[in-house]
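Q: Supplied in structure tokens, the structure appears directly below.
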Amino acid sequence: VQLQASGGGLVQAGGSLRLSCAASGRTWTTYGMGWFRQAPGREREFVAAIRWSGGSTYYADSVKGRFTISKDNAKNMVYLQMNSLKPDDTAVYYCALTRAIGNWGRSDEYGYWGQGTQVTVSS
């Protein structure tokens, strides 16, 4: 499985960005996909996840009400719509794929990772 994230950039506080992640390869065993982020000097943290079948979604408290994760099964794509962005959202954002999950928020539950896309929010 290969994951390719895109859509990052520089935006002012209060603005919006939409991240995309394209999955290719042996994707038919996908259980879910998620987004994580890592800011300089900080650990990688969970942002959002979505179950591939059924579409249940999960969010970190810090992004609830501002970010929306969605998917397109036919295109093997997952998206992260980010609104009302804050400087604290500045980080490299990674998409990840899991074939089985116990805890959506644990990065070690995901076996496949994209290369990351930089999101910078200026104040």
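Q: With respect to residue 116, is the statement that it is surrounded by fewer than 20 Cβ atoms within 10 Å (Cβ to Cβ), touching a Phe, Trp or Tyr at 6+ places or on another chain (Cβ under 7 Å) and closer than 18 Å to residue 23 by Cα true?
A: Yes; evaluated as a whole, the condition is true for this residue.
Q: Filter segment 42-78 down to residues that are open to solvent by 30 Å² or more (accessible area, probe 1.4 Å), in a strand (DSSP E or B) and either in contact with a His (Cβ under 6 Å, 6 or more places away or on another chain) or touching a residue at least 12 places away in the same chain (Cβ under 8 Å) (or both), then give me how many there are.
A: 10
Q: Quick one: would you say residue 93 is at pLDDT 95 or above and either open to solvent by less than 50 Å² (accessible area, probe 1.4 Å) or of a type in the set (A, V, I, L, M, F, W, C) (or both)?
A: Answer is yes for this residue.
Q: Working only within segment 79-123, note down all residues that are closer than 27 Å to residue 10 by Cβ, part of a strand (DSSP E or B) and of a type in the set (Ser, Thr, Tyr).
A: 79, 93, 94, 117, 120, 122
Q: Also, quick follow-up: With polar (S, T, N, Q), more than 22 Å from residue 118 (Cα to Cα) and in contact with a helix residue (DSSP H, G or I) (Cβ under 9 Å, 6 or more places away or on another chain) as the only criterion, which of 53, 62 stands out?
A: Result: 53 is the single residue among 53, 62 that is polar (S, T, N, Q), more than 22 Å from residue 118 (Cα to Cα) and in contact with a helix residue (DSSP H, G or I) (Cβ under 9 Å, 6 or more places away or on another chain).
Q: Is it true that some residue in segment 17-34 is more than 23 Å from residue 61 (Cβ to Cβ), free of Cβ contacts under 8 Å to residues at least 40 places away in the same chain and not in a loop (DSSP other than H, G, I, E, B)?
A: Looking through segment 17-34, at least one residue is more than 23 Å from residue 61 (Cβ to Cβ), free of Cβ contacts under 8 Å to residues at least 40 places away in the same chain and not in a loop (DSSP other than H, G, I, E, B).
The values are calculated or read from the model by the stated rules, or taken from the named source; none is laboratory data. Only a predicted model underlies this, so the values are computations on that prediction, with no experimental measurement involved. Note that we place each Cβ from the backbone using ideal geometry, even for glycine, and neighbour counts take in every protein chain shown. What goes into the accessible areas is simple: the full protein's heavy atoms, side chains included, and nothing from ligands, DNA or RNA. Shrake-Rupley method; radii C 1.70, N 1.55, O 1.52, S 1.80 Å.
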